[in-house]
Amino acid sequence: MVAAAIILNPDRPIDGLRDSKQLSAARREYLYGQIRDRALAWATGSASVEEIDRLNILQATLLAMQRAVAGLDPAAEHVLVDGNRCPDFGCSAQAIVRGDSLVAVISAASILAKVTRDREMLALDSCYPGYGFASHKGYPSKAHLEALQRLGILPVHRRTFAPVRRLLEHQD
């Protein structure tokens, strides 16, 4: 789980920010460089597989957001969050449903987080050939589920993810 926090520089606007899911991989990569170059501050935060399994995906997401915001220098004074809830950031915050398609700074954070996570998936693909991490990026595609069946469970798989949990139950 990866989250990002950004403080955009109003004197250095970035054209083309939008929901990361609406952009091609090449366009996300280009904007990733622009964001890192032009923002006043940016940071990423993550939650581990073990934290996701222990806390649940929502709580782990909120934790990753807190870590990203805590990494900003200068610190955020007000945080805009994509979604319908905010964790405690130690400052004011506002949740905006579909914020990644409505608010530039949330779009920028979405792009930074997506590119960071996709790069992590590419690294996993090198470590664990045959699982297809580079193509499915960790999403439960048919190919991903087939690889789990064929090759088994890895330490990077969430034990609470239903297909993994079912495989573990059949091993007992």
Between LEU168 and ARG54, how high is the FRET efficiency from 1/(1 + (r/R0)^6) when r is the Cβ-Cβ distance and R₀ = 22 Å? Nearest 0.05. 0.90
Suppose we keep just the DSSP beta bridges with both residues in the chain; what percent of those would be antiparallel, to 5? 55
If each part is reduced to its alpha-carbon centroid, the stretch 1-41 and the stretch 79-128 end up apart, in Å, by 11
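Around PRO163, what is the net charge, scoring Lys/Arg as +1 and Asp/Glu as -1 over all other residues with Cβ under 13 Å from its Cβ?
+4
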Restricting to DSSP H runs of at least four residues, report the calculated mean residue ellipticity at 222 nm for the chain, -39500 (n - 2.57) per run over all residues, nearest 500 deg cm²/dmol. -15500 deg cm²/dmol
Using Cα pairs closer than 8 Å and at least 6 residues apart in sequence, work out the relative contact order for the stretch 103-172, in percent. 18
Residue exposure sequence - VAL81, VAL2 - by fewest surrounding Cβ within 10 Å: VAL2, VAL81
Alpha carbon convex hull of the chain, projected area averaged over orientations, nm²: 10.5
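May I ask you to list, by number, the DSSP H helices of the chain whose Cα span along the axis is at least 15 Å and whose average Kyte-Doolittle hydropathy reaches 0.5 or more?
57-70, 104-127
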Modelled label reach - TYR128, point 7 Å along Cα→Cβ, the stretch 145-172 residues with backbone N closer than 15 Å: 145-168
Within a 10 angstrom radius of the beta carbon, how do CYS127, CYS86 rank from fewest other beta carbons to most? CYS127, CYS86
Simple spin-label model, 7 Å along Cα-to-Cβ: ARG159 to ASP15 in nm? 5.1
Summed over the other residues with a beta carbon less than 11 angstrom from that of ILE52, with K and R at +1 and D and E at -1, the charge totals 0
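Where a number appears in this text, it was derived from the coordinates with a stated rule and is not lab data. These numbers come from a predicted model, not from an experiment. Quick reminder, even Gly has a Cβ in these numbers, built from the backbone with ideal geometry, and neighbours come from all protein chains shown.
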